[in-house]
Amino acid sequence: MTRGKLKVFLGYAAGVGKTYQMLCEAQERRRQGQDVVIGYFEPHGRADTIAQTEGLEFVPRQVFEHRGARFEEMDTDAVIARHPQVVVVDEFAHTNVPGAERPKRWQDVQVILDAGVDVLTSLNIQHIDSLNDQVWHVTGIRVRETVPDWVLQEAAEVVMVDVTPRALIHRLERGVVYSREKAAKALENFFTESNLAALRELAMRQTAHQIEEKREEEHFISDRLPEPVRGLQSNLAEKILIWLTPDPSTGMLIRRGRRVADYLNSSCTAVFVSHDAAMSELSAEQKAEVEKQLNFCHNLRIQPELIESRDAAKAVTEYARAHGITQIFVTRHAPEVQKLVQLARDMQVTIVAERVRHAQ
Amino acid sequence: MGSEYSRPDPEALLRQIQEQEAHEARGRLKIFLGYAPRVGKSQRMFDEGRRRKKRGQDVVAGAIQSRGSEELDALIREFEVIPMVNDVVDVPAILQRAPQVCLLDELARDNPAGSRNAHRWEDVEEIRSHGINVVGALNLQHIREQQDTVEQITGKRAGSSVPQRFIESADEIVIVDVPTEDLKGAKLTLLNPVQLSELRELALLLAAQVVEHQLQLYMDSHGIMQSWGTQERILVCITGQSLARTMLESGARAAARFHGQLLAVTVKSGEMPRAAEEALAENLEYARRLGAEVHVLQGSDAMDEIIRFAREQRITQVFVGHTGQSSWKFWKQNPVDRLIQAAEGMDVRVFPPAPAIVPKVA
């Protein structure tokens, strides 16, 4: 069975019209005779959008009880049992209620794709994992629900749904997107014109990047690099290694390393050095932090290696040398940055600093 | 890559504010940008006109282009049309009618010799100068500064064009993004999927650049100084060492892959030995050849200058050479460490020392 195709409608904020455009496409496909159903749809009380669902079959949702409240999630099994050609799944980055079979909706979508069903879905730029720090830097908001970049890279199509920030702010003011009360709050915090402009630019660049990757992958052609740069490529294949430490800034480091590796078409691995397998030198808190990072690496498809040594900087350098690493990524808060820079003189060391927000 | 936007001096800022005030009295311009014919930009423009009418605005159509699409023609019939005269927008009639909003398709058209304005985009400027808002549509291949690249991709060059500054001066630009699959399926275009994909990417990057430009103007005029880190800006620090070439090549490649900007900087402090001077000049020349914007700074403490410059330029990645012991004097005390300490908001990539001074490592 061939895997289903994923098409992502990418926006830069709530209210740009992702869901609307996704449903337009669903209607268009239905007109062309495809079997289209809705697996999950979040109406948000928007009349125009609700009207676009007319005539489309809804697969009933699954109901969960959690702490005395009722939650509805997409019924993935029911969607697969119904086996349409195309299913509409709104809000790709959504986190399922505890008790659901999979924690994340994007994981439900993977299962549906595996069953050979095409999926149309909607996603905002701030939910893309590797952009998490940049989004925080721009908006001051730390987005918790994220989707790993590889999931997006596997999408057959990513389309950017664009409106101008001004038009979006008008929509908010008219109460189209949220209730007026919620809208006023949103306008003050998140939906400022400069925030929106920056997010929009991120979305444009991300979509452009995605298009480029897809083209290279499908047509085996390399990027149309400017003339003087083109000839330099072959001798510069990069191999990136991320040095994990218990410092909390390491999450940011992992995202940054992954992102740079993706852009440079480089491999990306990670190491953690501890005295022994039990990590006995670490406090319980630090162990938990490392555990979190290792998980995060797996989510981003980075294979972390554990090395036992009492001289971490030396161990990382030797590991890098043995594996032909060209660039070591380390957070500037790592305890032995200076030592690493001194030891790893035959390769590049990139010291990553967190992006700090200044009061405006 | 794109044009340069440097930080303005107070005079420039004042001029900018005055321009902005003049700007506000003018009608607003909103442009729908498509990456290829038939992506649906005119449809989007007329949709916008319809929504504005619904909200009570006085909207007319000043330039329409029938494409034999039933759906589009039906949409156009909803508008009061001010007919063109010999394919030229009837500017006097529009000014006399004085609507709130005027829809103008195909903004890149040239007018015949002897017309009031030589180009339709100049008609737009005239209409706006009378306080009338314009909503227009345009394709990528008609933007003059993009035409060389478009021609490399498609082998064709559009006859008429608008200058890119016209796009940048628009109050709003909307990218009409459609997957290339959709165009191919409908057999609406003669371009192949690779060509369409390249055009689509180019249009998105152009739009991103325009958005960034506008954002920068906004921040400058509001006194906000911040690296937004949306576009990667890579700074390569150069001395006379031979390793500069490797660093520049890595920088150029990273800038190309990220569609970012490449800058190169060197700091001079007084007289340099002739050989060092020549080596440096050669490296700076190479930097220019790779497309870097080259800056030569003066100062007694090189690293202080670089840190200041990097912050001012909103740099996101600094490439610096590993300072072998021998050159530490030049950098004062452990300058790379100082850079790392000071590099808030940027990555510091330390390159191996030049081969001649590689220390023996066990």
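Some points to look at:
- Taken residue by residue, the stretch B:197-205 has at least one member that is more than 9 Å from chain A (Cβ to nearest Cβ) and modelled with pLDDT of 90 or more.
- Some residue of the stretch A:85-107 being surrounded by 16 or more Cβ atoms within 10 Å (Cβ to Cβ), of a type in the set (D, E), in the same structural domain as A:T146 (by TED's automatic domain parsing) and free of Cβ contacts under 8 Å to residues at least 40 places away in the same chain: no
- Wholly within the stretch B:267-362, helices (runs of 4 or more DSSP H) carrying at least 1 residues that are surrounded by 15 or more Cβ atoms within 10 Å (Cβ to Cβ), at pLDDT 80 or above and among the acidic types (D, E): B:302-312, B:335-342
- Hits in the stretch B:250-292 (condition: more than 14 Å from chain A (Cβ to nearest Cβ) and among the small types (G, A, S)): B:S269, B:G270, B:A275, B:A276, B:A279, B:A281
- Between A:R166, A:R171, the distinction of being farther than 30 Å from A:G257 by Cβ, part of a helix (DSSP H, G or I), within 14 Å of chain B (Cβ to nearest Cβ) and without any contact (Cβ under 8 Å) to a residue 40 or more places away in the chain belongs to A:R166 only.
- Verdict on A:A278 being free of Cβ contacts under 8 Å to residues at least 12 places away in the same chain, assigned by TED's automatic domain parsing to the domain that holds A:E336 and part of a loop (DSSP other than H, G, I, E, B): yes
- Listed here are the strands (runs of 3 or more DSSP E) enclosed by the stretch A:283-360 that have at least 3 residues being over 30 Å from A:T139 (Cα atoms) and within 25 Å of the chain's Cα centre (by Cα): A:303-308.
- Test for A:A203: is it surrounded by 24 or more Cβ atoms within 10 Å (Cβ to Cβ), among the hydrophobic types (A, V, I, L, M, F, W, C) and within 11 Å of chain B (Cβ to nearest Cβ): yes
- So A:I325, is it of a type in the set (A, V, I, L, M, F, W, C) and more than 8 Å from every other protein chain (Cβ to nearest Cβ): yes
- Residue list for the stretch A:12-24, filter: in contact with a Ser or Thr (Cβ under 7 Å, 6 or more places away or on another chain) and touching a residue at least 60 places away in the same chain (Cβ under 8 Å): A:K18, A:T19, A:M22, A:L23
- Cross-chain or 6+ apart pairs with Cβ under 8 Å, the stretch B:64-78 first and in contact (Cβ under 8 Å) with a residue 24 or more places away in the chain, then of a type in the set (S, T, N, Q): B:Q65/B:S42; B:R67/B:S42; B:E71/B:Q43; B:L72/B:S42; B:L72/B:Q43; B:L72/B:S66; B:L75/B:Q43; B:I76/B:S66
- Elements of type helices (runs of 4 or more DSSP H) contained in the stretch B:114-172, each with 1 or more residues being touching a residue at least 40 places away in the same chain (Cβ under 8 Å) and closer than 22 Å to B:D87 by Cα: B:120-129, B:164-168
- Of the residues making up the stretch A:10-29, those that are in contact with a Leu (Cβ under 7 Å, 6 or more places away or on another chain) and not β-branched (V, I, T) are A:L10, A:Y12, A:A13, A:G15, A:M22, A:E25, A:A26.
- Considering the stretch A:108-140, and only residues there that are of a type in the set (V, I, T) and either assigned to a helix (DSSP H, G or I) or not assigned by TED's automatic domain parsing to the domain that holds A:V87 (or both), the residue that is farthest from A:T53 (Cα to Cα) turns out to be A:V138.
The values are calculated or read from the model by the stated rules, or taken from the named source; none is laboratory data. Because the structure is predicted, anything quoted here is derived from the model rather than measured. Backbone-built Cβ (ideal geometry, glycine too); neighbour counts: all protein chains shown.
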